[in-house]
Amino acid sequence: MKEFSLGNKKIPAGKRTRRDFLIYAVGSSLTTVAIAYLFPKPSQSREVDLETLCSLYPQNSRCQNYLPGVKAQDTDGKIIQADTLLAIATPGIPIAVKGLPNDSVDYLIIKDGPQIAEYAINPICTHLGCTVEWHLEKNHFICPCHGSQYDSLGRVVHGPAKRSLPLITVVVKQNQVRLVETKPAIDPR
Ligand code: FES
């Protein structure tokens, strides 16, 4: 008689119950998903590798034609050109941008030069997760929930928060400003 396996058990075909069959089917599906996750197709893994490599090392020779992340937009949803932005940017004053999922806002950092820094501030308060906003007149990010304040690089200047604001990666290339939703390789603070 034909059998099929359920864990260590061998079950004759005639004695299968509907429940056994469902367990067998779910188990097979999970195994297939796990194998696909652990051993992605060559093209998929190359794509993931390039995304990581070109986020961390955008000038690498393999990244010449690869732009990681997504295009940064201004708060009205217009795509930002790096040269246009730099023409009006002031070093030390963060610039709100969009582009990452959920319409979230991040803040580009403008360094002396002016230059767009390789990182941007993700304005999620490290106390309890409220969204902080940049207050130009105070030159600080201020949390509306319990009053934490951060300087223009996201470092705490007033509690209750104890840790700096999180960062995301920024790649400026081919006159584009690209936002990558991962931490930069080095936190410069
Ligand atoms: S959540 Fe920002 S200070 Fe509490």
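The values are calculated or read from the model by the stated rules, or taken from the named source; none is laboratory data. Because the structure is a prediction, the values reported are computed rather than measured. Glycine also receives a Cβ, built like all others from the backbone with ideal geometry; neighbour counts cover every protein chain displayed. These accessible areas exclude ligands, DNA and RNA; they are computed on the full protein's heavy atoms, side chains included. Shrake-Rupley method; radii C 1.70, N 1.55, O 1.52, S 1.80 Å.
Any idea of the accessible area per residue across the stretch 78-189, 1.4 Å probe, to the nearest Å²?
Working: 5880 Å² over 112 residues.
Counting only protein heavy atoms, the per-residue value for the stretch 78-189 is 52 Å².
A straight line joining the Cα centroids of the stretch 53-83 and the stretch 103-121 runs 13 Å. Once the chain from L128 to S104 is taken as fully extended at 0.36 nm per residue, the excess over their C-alpha distance is 6.9 nm. Computing Rg and the Kirkwood Rh from the Cα coordinates of the stretch 121-189 gives a ratio, Rg/Rh, of 1.02.
For Y119, the residues whose amide H sits under 5 Å from its own are I109, V170, ignoring neighbours fewer than 5 places away on the same chain, with H placed 1.01 Å from N.
Return, ordered by residue number, the residues of the stretch 152-189 whose backbone nitrogen is under 12 Å from a label point located 7 Å along Cα→Cβ of N65. Zone members listed by number: none at all.
Each of the peptides 114-120, 183-189, 80-86, 59-65 was scored by the mean count of other Cβ atoms within 10 Å over its residues; in descending order, highest first, they stand as 114-120, 80-86, 183-189, 59-65.
Fully extending the segment from Q115 to H146, taken as 0.36 nm per residue of separation minus the present Cα-Cα distance, adds 7.9 nm.
Once the C-beta distance of K162 and K183 is scaled by a Förster radius of 22 Å, the resulting FRET efficiency is 0.75 to the nearest 0.05. For C130, the amide hydrogen comes within under 5 Å of the amide hydrogens of C125, counting only partners 5 or more places away or on other chains and with H modelled in the peptide plane. Taking a cut-off of 25 Å, what percent of all Cα-Cα pairs in the stretch 51-167 are separated by more than that? Result: 27 percent of Cα pairs exceed 25 Å. Here the dipole of the stretch 102-189 is about 240 debye; that uses its Cα centre as origin and unit charges on the Cβ of Lys and Arg (positive) and Asp and Glu (negative).
Calculated FRET efficiency, L50 to A87, Cβ-Cβ distance, R0 = 30 Å: about 0.45 to the nearest 0.05.
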